[in-house]
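Asker: Mind looking over this structure? Questions follow.
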């Protein structure tokens, strides 16, 4: 009996009986328009690599085509599963973003704890440190952390699966941070995301969203519009 209890506890804690998920590679395109600030088209790519029981790495990068062409952002994060039964995970990472024409950049580090209180709901909360760089000689460096306006921000995530079927999923997402994306505290980023299987090991993902910045009577004020499309393959 004691040995059985120990095995059950370990399975609950780290999910050792669960098969390792496949590695993923994704290519995509993302459009973002913020009136008076920028209209940006990004070509994106990322790889998700399981490296151990309950551990995975994600590498991502993006290049600009319209405003501020050239290298736009890149980052690395790691996610560790803590308790399988509750979907409790810790994710931490770092990212660099830059705008060549403006000779400005930003370096970020972040950490977040996520959980699945229900099968269709993912919640997360954490912190991120942002260092904006305006020095023309240092803005493109991921190792530059001296900033005239450094700041701490709260990171949050709410992902609610509105539809989940074999090979298809549609979710409502409220999140101010992802590996290559961050929003200012006064913005409330809201969007829809879908993912559909189109063959063995192949998936198509699409999304659209906005950032709400204020409420005037019954009218919401949106500061931006985003749309994205990607193709993913499992390996």
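The values are calculated or read from the model by the stated rules, or taken from the named source; none is laboratory data. Quantities reported herein were computed from a predicted structural model and do not represent experimental measurements. Please note: Cβ atoms are built from the backbone with ideal geometry, for glycine as well, and neighbour counts cover all protein chains shown.
Asker: Considering only the stretch 122-137, state which residues are in contact with a strand residue (DSSP E or B) (Cβ under 8 Å, 6 or more places away or on another chain) and over 14 Å from residue 89 (Cα atoms).
Answerer: Answer for the stretch 122-137, where residues must be in contact with a strand residue (DSSP E or B) (Cβ under 8 Å, 6 or more places away or on another chain) and over 14 Å from residue 89 (Cα atoms): 127, 128, 129, 130, 131, 132, 133, 134.
Asker: Yes or no: residue 58 under 17 Å from residue 230 (Cα atoms), assigned to a strand (DSSP E or B), in contact (Cβ under 8 Å) with a residue 12 or more places away in the chain and touching a strand residue (DSSP E or B) at 6+ places or on another chain (Cβ under 6 Å)?
Answerer: yes
Asker: List the residue pairs whose Cβ atoms are under 6 Å apart, where the first residue sits in the stretch 190-206 and is on the phi > 0 side of the Ramachandran plot, the second is in a strand (DSSP E or B) and surrounded by 15 or more Cβ atoms within 10 Å (Cβ to Cβ), and the two are 6 or more positions apart or on different chains.
Answerer: Every condition considered, the pairs that remain are 201/233.
Asker: Then there is this: Mind listing whichever residues of the stretch 143-163 are farther than 19 Å from residue 113 by Cβ, exposed (fewer than 15 other Cβ atoms within 10 Å of the Cβ) and under 20 Å from the mean Cα position of the chain (by Cα)?
Answerer: 151, 162
Asker: For the stretch 110-117, indicate whether the set of residues that are over 19 Å from the mean Cα position of the chain (by Cα) and either within 29 Å of residue 199 (Cβ to Cβ) or not in a strand (DSSP E or B) (or both) is non-empty.
Answerer: no
Asker: Something else: Residue 173 versus (1) surrounded by 15 or more Cβ atoms within 10 Å (Cβ to Cβ); (2) closer than 25 Å to residue 225 by Cα; (3) more than 15 Å from the chain's Cα centre (by Cα); (4) at pLDDT 95 or above: which is the lone unmet condition?
Answerer: For residue 173, the failing item is (3).
Asker: Within the stretch 150-193, can you find the residues that are farther than 22 Å from residue 40 by Cβ and in a loop (DSSP other than H, G, I, E, B)?
Answerer: 150, 166, 167
Asker: Can you tell me which of 88, 57 is closer than 29 Å to residue 145 by Cβ and surrounded by fewer than 18 Cβ atoms within 10 Å (Cβ to Cβ)?
Answerer: Sole residue among the options that is closer than 29 Å to residue 145 by Cβ and surrounded by fewer than 18 Cβ atoms within 10 Å (Cβ to Cβ): 57.
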